[in-house]
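Data first, discussion second: the structure below is written as structure tokens.
The values are calculated or read from the model by the stated rules, or taken from the named source; none is laboratory data. Note that the structure is predicted; figures quoted are calculated from it, not measured. Cβ: placed from backbone, ideal geometry, glycine included. Neighbour counts: every protein chain shown.
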Amino acid sequence: MKYAGRLAAFVLTGALALAACGTDDNTGAATDTGAPAASAGTGDNGLSGTINAAGSSAQANAMDEWKKNFQQANPGVSLNYQPSGSGAGIQAFTDGTVAFAGSDSALNPEKGEPEKADARCQTGKAINLPMVTGPVAVVYNLPGVDGLQLKPKTISDIFNSKITKWDDPAIKADNPDASLPSTAIQAVHRSDESGTSDNFTKFLVATGEWPYEHAKAWPAEAKGVGAKGSDGVSQAVKTTEGAISYVELSYAENSALQKSKVANGSGEFVELTPESAAKTVEAAEVKGTGNDLSLSIDYATSAAGAYPIVLVTYEITCEKGLAAEEVNLVKAFLTYTASDEGQASLTSLGYAPLPTSLLAKVRTSISAIS
């Protein structure tokens, strides 16, 4: 791996700096380029130990790739990531059983999550670090119908069980040139608490068409068919003619699922690509303070060519307060994931790299971990 040749100097320099200084000034661990400097060492000069993490299944494919690359460069390190869902990941982090959690939503103040996470960090506070841009695809299984177009209201009515047939007049209005069958619609949602559900319903709420609050848990009133995890949703759609659901782009592509175009705030039907999703993330505002980088995303964006349903997966960890044996490992791993090489590896997996301006802030926040 090309990146592996540059990782060791960062690992060794960062470890020595921490050992020698013991201060919060570790800016050498992440630079403006974010690229680790040299090849990972082994034995006494390399990192060793285990990183336990859990959470978002939407970023599982990214984690698999990052884990492979990082462990090749650091053979003494073992990374265990359980794609248990965002809610379970946050719970594991606040319980102190993992060093960081992956979540498709930032810690939620309304649920007291920041306070619980801060208490877990003891000497510091928990921070939300955006790391993966995961566009959310509206996927369907309807043989012979390609290039389906859907407005937010149509999507909302489908998932709220108001539209139950594929030849419904509302779907026909969105697709005047399509030949739509009378097949029954099977709307599939996540059965477990999921940041993907939270972001999907945030989109529906933002466009004014969803009668419930956004949440990680799917509202029982909306009915539909539940499936666990991104893998479960993908499999359910793939094996059920007439099914429709929402899933992160990498899973849609890995399962070769049909993806619909979605209308943004200007009424433009936009095909989902990493580039069209990035246009929405570029306009996001940082609402966190200090090294916390939780974002506010405009799901009703009217930007030309912007695909509106996106999620950003955060790595949630302690700015200060990790166990001594975890600090170097977590910092080194996150420095790699935020590096040019780490981000570049996402595109082929169906994700979009973070915008440059946001990535610079992420690297600064990672450098503050101690």
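Scanning the range 143-160 for residues that are under 27 Å from the mean Cα position of the chain (by Cα), part of a loop (DSSP other than H, G, I, E, B) and farther than 19 Å from Glu271 by Cβ gives a single hit, Asn160. Note on the range 162-261: enclosed helices (runs of 4 or more DSSP H) holding 1 or more residues that are within 20 Å of Asp104 (Cβ to Cβ) and either over 25 Å from the mean Cα position of the chain (by Cα) or β-branched (Val, Ile, Thr) (or both) are 195-206, 229-238. In this structure, does Lys111 turn out to be closer than 22 Å to Ile297 by Cα and surrounded by fewer than 19 Cβ atoms within 10 Å (Cβ to Cβ)? Criteria met by Lys111. Looking at the range 256-278, which of its residues are over 25 Å from Tyr314 (Cβ atoms) and surrounded by fewer than 18 Cβ atoms within 10 Å (Cβ to Cβ)? Selection gives Ala256, Ser266, Gly267, Glu268, Phe269, Glu271.
It is to be established whether one or more residues within the range 162-170 are farther than 23 Å from Val312 by Cα and buried (at least 19 other Cβ atoms within 10 Å of the Cβ). Yes. Scanning the range 314-325 for residues that are crowded, with 18+ Cβ neighbours inside 10 Å and in contact with a strand residue (DSSP E or B) (Cβ under 7 Å, 6 or more places away or on another chain), we see that the one that is nearest to Ile297 (Cα to Cα) is Tyr314. Residues of the range 333-354 that are assigned to a helix (DSSP H, G or I) and either under 15 Å from the mean Cα position of the chain (by Cα) or within 13 Å of Glu315 (Cβ to Cβ) (or both): Phe333, Leu334, Thr335, Tyr336, Thr337, Gly342, Gln343, Thr347, Leu349. Residues in the range 34-47: is at least one in a strand (DSSP E or B), at pLDDT below 95, surrounded by fewer than 17 Cβ atoms within 10 Å (Cβ to Cβ) and out of contact with any strand residue (DSSP E or B) (no Cβ under 9 Å at 6 or more places or on another chain)? For the range 34-47, residues in a strand (DSSP E or B), at pLDDT below 95, surrounded by fewer than 17 Cβ atoms within 10 Å (Cβ to Cβ) and out of contact with any strand residue (DSSP E or B) (no Cβ under 9 Å at 6 or more places or on another chain): present. Report, by residue number, each residue of the range 75-125 that is among the basic types (Lys, Arg) and closer than 20 Å to Lys331 by Cβ. Across the range 75-125, the qualifying residues are Arg120, Lys125. Just so you know, in the range 60-96 the residues that are part of a helix (DSSP H, G or I) and β-branched (Val, Ile, Thr) include one that is farthest from Asp198 (Cα to Cα), and it is Thr94.
Within the range 72-129, the only residue that satisfies the criterion of being farther than 25 Å from Thr364 by Cβ, more than 21 Å from the chain's Cα centre (by Cα) and of a type in the set (Asp, Glu) is Asp95. Hey, does the range 355-364 have a residue that's crowded, with 20+ Cβ neighbours inside 10 Å, assigned to a loop (DSSP other than H, G, I, E, B) and in contact (Cβ under 8 Å) with a residue 24 or more places away in the chain? Among the residues of the range 355-364, not one is crowded, with 20+ Cβ neighbours inside 10 Å, assigned to a loop (DSSP other than H, G, I, E, B) and in contact (Cβ under 8 Å) with a residue 24 or more places away in the chain, which makes the answer no.
Let's see how each residue does on (1) at pLDDT 95 or above; (2) under 24 Å from Glu65 (Cβ atoms); (3) surrounded by fewer than 22 Cβ atoms within 10 Å (Cβ to Cβ):
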{"position": "Thr280", "(1), (2), (3)": "no, yes, no"}
{"position": "Asn291", "(1), (2), (3)": "yes, no, yes"}
{"position": "Ser302", "(1), (2), (3)": "no, no, yes"}
{"position": "Thr335", "(1), (2), (3)": "yes, yes, no"}
{"position": "Ser339", "(1), (2), (3)": "yes, yes, no"}
